[in-house]
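**Student:** Below: one structure in structure tokens.
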Amino acid sequence: SQQGEEDPQALSIQEGENATMNCSYKTSINNLQWYRQNSGRGLVHLILIRSNEREKHSGRLRVTLDTSKKSSSLLITASRAADTASYFCATCSSNTGKLIFGQGTTLQVKP
Amino acid sequence: NAGVTQTPKFQVLKTGQSMTLQCAQDMNHEYMSWYRQDPGMGLRLIHYSVGAGITDQGEVPNGYNVSRSTTEDFPLRLLSAAPSQTSVYFCASSPRTSGAPEQYFGPGTRLTVT
């Protein structure tokens, strides 16, 4: 069963615009992670936010976590064509300790 | 470091054949996992290991076997391939820390079962 559900499933924006992706989950978590996957490649870890954190930044990435709403968002600012990829959230369950992935958001950044 | 390596990159099997997908990592990570990725399904955990000699089932273990005789290697065996096992398979590793730390993924093996 999938823990995370991502919204939107697909997003198309112009270079320079901001991209926001959302992730909702169902059970309590230890942490939530975001990964990027370029077409035909493996996943690359972007950022990890712990359950006691509310916001985290890494370069052009900003992640928020609202444990009361069981949701997270990933904001990519000033997007570039190279940001075109699929983005996945993954939640670490407090009960099992396993990492469960959502279905992903496909982002297309047009030059 | 090569990171996580997987072989082969592509494989075509006939129904009923068996094969082993290889995974190796050179980062001395204790944790290793196998996932399958199907369109619209995200990644689903097949099996995982928290150290040499220790393995456990994930979300979709049926039809797959694993073993972990060394820290570096974590092969995935398909016992009798079925068309439902057509998928892209990813191996991942992570260091032993509390909670689930970030995972390092291999490039994947694209498997087609006819």
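The values are calculated or read from the model by the stated rules, or taken from the named source; none is laboratory data. Values in this document were obtained by computation on a predicted structure and should not be read as measured data. Methodologically, a virtual Cβ is constructed for each residue, glycine included, from the backbone with ideal geometry; neighbour enumeration extends over all protein chains shown. Please note that ligands, DNA and RNA were not included when accessible areas were found on the heavy atoms of the full protein model with its side chains. Shrake-Rupley method; radii C 1.70, N 1.55, O 1.52, S 1.80 Å.
**Student:** Pick from the stretch A:35-61 the residues that are of a type in the set (A, V, I, L, M, F, W, C) and more than 10 Å from chain B (Cβ to nearest Cβ): which of them is surrounded by the most Cβ atoms within 10 Å (Cβ to Cβ)?
**Tutor:** Filtering the stretch A:35-61 down to residues of a type in the set (A, V, I, L, M, F, W, C) leaves A:43-44, A:46-49, A:61.
If we keep only those that are more than 10 Å from chain B (Cβ to nearest Cβ) too, we end up with A:49, A:61.
Values: A:ILE49: 19, A:LEU61: 16.
Checked the stretch A:35-61; the qualifying residue surrounded by the most Cβ atoms within 10 Å (Cβ to Cβ) is A:ILE49.
**Student:** Determine whether A:CYS92 is at pLDDT below 90 and closer than 26 Å to B:VAL60 by Cα.
**Tutor:** yes
**Student:** Can you say whether B:ALA52 is of a type in the set (A, V, I, L, M, F, W, C), open to solvent by 50 Å² or more (accessible area, probe 1.4 Å) and more than 13 Å from chain A (Cβ to nearest Cβ), as far as the supplied structure shows?
**Tutor:** Numbers: of a type in the set (A, V, I, L, M, F, W, C): yes; open to solvent by 50 Å² or more (accessible area, probe 1.4 Å): yes; more than 13 Å from chain A (Cβ to nearest Cβ): yes.
It is true that B:ALA52 is of a type in the set (A, V, I, L, M, F, W, C), open to solvent by 50 Å² or more (accessible area, probe 1.4 Å) and more than 13 Å from chain A (Cβ to nearest Cβ).
**Student:** Then there is this: Within the stretch B:4-23, take every residue that is touching a strand residue (DSSP E or B) at 6+ places or on another chain (Cβ under 6 Å) and within 14 Å of chain A (Cβ to nearest Cβ) and give me the one that is most open to solvent (accessible area, probe 1.4 Å).
**Tutor:** Ranking the qualifying residues of the stretch B:4-23, first place goes to B:PHE10.
**Student:** With the checklist (1) open to solvent by 50 Å² or more (accessible area, probe 1.4 Å); (2) within 13 Å of another protein chain (Cβ to nearest Cβ); (3) in contact (Cβ under 8 Å) with a residue 40 or more places away in the chain in hand, flag the one item A:CYS23 doesn't pass.
**Tutor:** Of everything listed in (1) open to solvent by 50 Å² or more (accessible area, probe 1.4 Å); (2) within 13 Å of another protein chain (Cβ to nearest Cβ); (3) in contact (Cβ under 8 Å) with a residue 40 or more places away in the chain, A:CYS23 misses just condition (1).
**Student:** Tally the residues that are open to solvent by 10 Å² or more (accessible area, probe 1.4 Å), modelled with pLDDT of 90 or more and either within 11 Å of chain A (Cβ to nearest Cβ) or part of a loop (DSSP other than H, G, I, E, B) (or both), restricting the search to the stretch B:86-114.
**Tutor:** Residues that pass the stated criteria total 7.
**Student:** Going by what's in this entry, would B:ALA82 be described as closer than 21 Å to A:GLN37 by Cβ, surrounded by fewer than 17 Cβ atoms within 10 Å (Cβ to Cβ), more than 15 Å from the chain's Cα centre (by Cα) and of a type outside the set (Val, Ile, Thr)?
**Tutor:** Working: closer than 21 Å to A:GLN37 by Cβ: no; surrounded by fewer than 17 Cβ atoms within 10 Å (Cβ to Cβ): yes; more than 15 Å from the chain's Cα centre (by Cα): yes; of a type outside the set (Val, Ile, Thr): yes.
Spelling it out, it is not the case that B:ALA82 is closer than 21 Å to A:GLN37 by Cβ, surrounded by fewer than 17 Cβ atoms within 10 Å (Cβ to Cβ), more than 15 Å from the chain's Cα centre (by Cα) and of a type outside the set (Val, Ile, Thr).
**Student:** Sticking with this structure for a sec: For the list (1) open to solvent by less than 30 Å² (accessible area, probe 1.4 Å); (2) assigned to a strand (DSSP E or B); (3) away from every other protein chain (no Cβ under 14 Å), I need the number of the one condition that B:TRP34 fails.
**Tutor:** The single condition B:TRP34 does not satisfy is (3).
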